[in-house]
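Have a look at the structure below, then the notes.
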Amino acid sequence: MLSKEEQLLQSYFGYETFRPGQKETIDQIINLNNTLAVMPTGGGKSICYQIPGLSMNGTAIIISPLISLMKDQVDALNSYGIPATYINSSLTQAEQQSRLHDIGKSRYKFVYVAPERFESSFFVNTIKRIPIALVAFDEAHCISQWGHDFRPSYRSIVSNLKQFSNIPVFVALTATATEEVISDIQQLLRIEHVINTGFARENLAFHVIKGRDKTSYLRSFLAEHEEESGIIYTATRKQADSLFEQLTRRGISVAKYHAGMTEIERKEAQSSFIHDETTVMIATNAFGMGIDKSNVRYVIHYAMPMNIESYYQEAGRAGRDGEPSDCILLFSPQDVQLQKFLIEQSMMDDSSKQNEYRKLQEMINYCHTHGCLQSFILDYFDDKNAEAGCGRCSNCVQRQNKTDITEEAQKILSCVKRMDERYGVTMTAKVLKGSNDKKVKQFGLDKLSTYGIMSAYTEKELIEHIHFLIAEKLVATEEGRYPTLRLNQQSVEVLKGKRQVEMFTAPIPTTEEADFY
Ligand code: ADP
């Protein structure tokens, strides 16, 4: 016997079974328990509120910051014969009023709106009067000030809506949320039930590429993937412009998207990419929120982004159709400098800056870890469902060639100790190398017993080793602009010989790393 919800799934949407987490979420909502669903992109979050919306009395209101997705969602529902509409700034005043009139007459089962709509008292008064089935907050991480895309207007409507007496249940949905974001959303919406299916995307292969000329890497990559659709994210508009020009000059057909372009230019670029007229999109992070293109086969980050949340969300635009896809990060030490500069330049207060530095350090660690990249991301989000290794990422693939570097690690850690845990990566590498650097001498570091004990290595190699130890949490760093190295519990275990350290045999040399840390 099919449940009512399964019948709705089959009769309206034509799907046989629920995906993980959908049934649990739907059951909670139907029982009028406020619910948060955390599911990966493409996991099927819409069904989670659409089925309850269909089975409950009244109109379901879906609040979403993704204006561009509303029309698609509404078109899809209409094509299943479900009355749905959206109101946003893309409509004329007359059209908005006519839709609002129909909403007031309860003619729709689903109404999609942007958060800003709640600034209109006309809209607010209309939905106050009609029977409501549920209110869903899509992209709910935007509600939280701890989220990477905080929107104050989104947060403020929550308190506003709680005054309404006709909303039986709140639903929040997101694909990216750390523990602190989850508990923030829970508190704000009084949610007791969280359904978290984990973040793992089985079809994505993550890669970190270091020490390569980025543009020549891209050229050969694009030559090999001519037919495939992909996004290349840059850290700044300037980078996007310059890369666009370089590739265009070489006869490669690419589109460009960033906030410095006119709306018409952006729309044209987006439409040519969505309709596969141009296969490659070069863009800043302004591009993507709400781009529901399912056949993106790769997302390349031309520079390291500022935190794992942004990275996973942007990289996650690859492979929404479930087909194998690649997420490639081209790392160079300059990227770190740029991100630190952006943090320093921002208007944030000191404690927020400190928080950004902490997140940035995790992003840097991702670029230096030798562990599974997917696991690293899942650990970051505290995903309890994470498996040990994905077997697909660049580190898992290289893992076969490991060497024991316990002795090297011990030398590095002893040096940190001898330097009284007061210096950063570059200085420590210089001391280990036995450098003639003026500062080394000025601080008397050439008198230490560890001075020159790793002179066989280049400074670059030593820096790479130290970053590896940081990434593996075998040594700690202070957060901030000039982080210093400190020993932790794991360092002590390595020093006492209670813990082995393994690294890939041939770490790819990084370019000019010494100049940047
Ligand atoms: P999300 O919002 O989580 O990124 P969507 O709700 O857009 O994901 O769903 C992604 C795709 O999966 C859509 O094409 C949707 O129709 C499909 N889908 C959702 N639930 C199911 C299901 N139970 N069985 C098969 N396909 C599903």
Residues of segment 44-88 satisfying the condition of being over 28 Å from the mean Cα position of the chain (by Cα), away from the ligand (no atom under 15 Å from the Cβ) and polar (S, T, N, Q): SER55, ASN57, THR59, THR85
Filtered residue count, segment 1-19, keeping only those that are closer than 17 Å to GLY81 by Cα, within 11 Å of the ligand (Cβ to nearest atom) and free of Cβ contacts under 8 Å to residues at least 40 places away in the same chain: 3
Test for ALA136: is it within 16 Å of the ligand (Cβ to nearest atom) and either among the polar types (S, T, N, Q) or assigned to a loop (DSSP other than H, G, I, E, B) (or both): no
Qualifying residues in segment 232-246 (those that are β-branched (Val, Ile, Thr) and at pLDDT 95 or above) - the one surrounded by the fewest Cβ atoms within 10 Å (Cβ to Cβ): THR234
Residues (at pLDDT below 90, surrounded by 19 or more Cβ atoms within 10 Å (Cβ to Cβ), part of a loop (DSSP other than H, G, I, E, B) and not polar (S, T, N, Q)) located in segment 484-516: PRO507
Single condition ILE62 does not satisfy, out of (1) crowded, with 21+ Cβ neighbours inside 10 Å; (2) among the hydrophobic types (A, V, I, L, M, F, W, C); (3) in a helix (DSSP H, G or I); (4) in contact with a Phe, Trp or Tyr (Cβ under 9 Å, 6 or more places away or on another chain): (3)
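Conditions (1) closer than 22 Å to ALA200 by Cβ; (2) outside any loop (DSSP other than H, G, I, E, B), marked per residue:
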| position | (1), (2) |
| --- | --- |
| TYR12 | no, yes |
| GLU16 | no, no |
| GLU24 | yes, yes |
| PRO40 | yes, no |
| GLY43 | yes, no |
| SER46 | yes, yes |
Residue within segment 344-357 that is farther than 24 Å from SER220 by Cβ, within 16 Å of the ligand (Cβ to nearest atom) and over 17 Å from the mean Cα position of the chain (by Cα) present: no
Pair list, Cβ < 6 Å and 6+ apart or interchain, from segment 166-181 residues that are more than 18 Å from THR41 (Cβ to Cβ) to residues that are among the aromatic types (Phe, Trp, Tyr): GLU180/TRP146
Residue in segment 132-141 that is touching a residue at least 12 places away in the same chain (Cβ under 8 Å) and at positive phi present: yes
Any strands (runs of 3 or more DSSP E) falling wholly within segment 156-268 and containing at least 2 residues that are out of contact with any Leu (no Cβ under 8 Å at 6 or more places or on another chain): 204-210, 229-233, 254-257
Index of the failed condition, THR41 passing every other in (1) farther than 18 Å from ILE167 by Cβ; (2) among the hydroxyl-bearing types (Ser, Thr, Tyr); (3) more than 24 Å from the chain's Cα centre (by Cα): (3)
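The values are calculated or read from the model by the stated rules, or taken from the named source; none is laboratory data. Given the structure is predicted, the values throughout are model-derived calculations rather than measurements. Neighbour counts run over all protein chains shown; Cβ positions are idealised from the backbone, glycine included.
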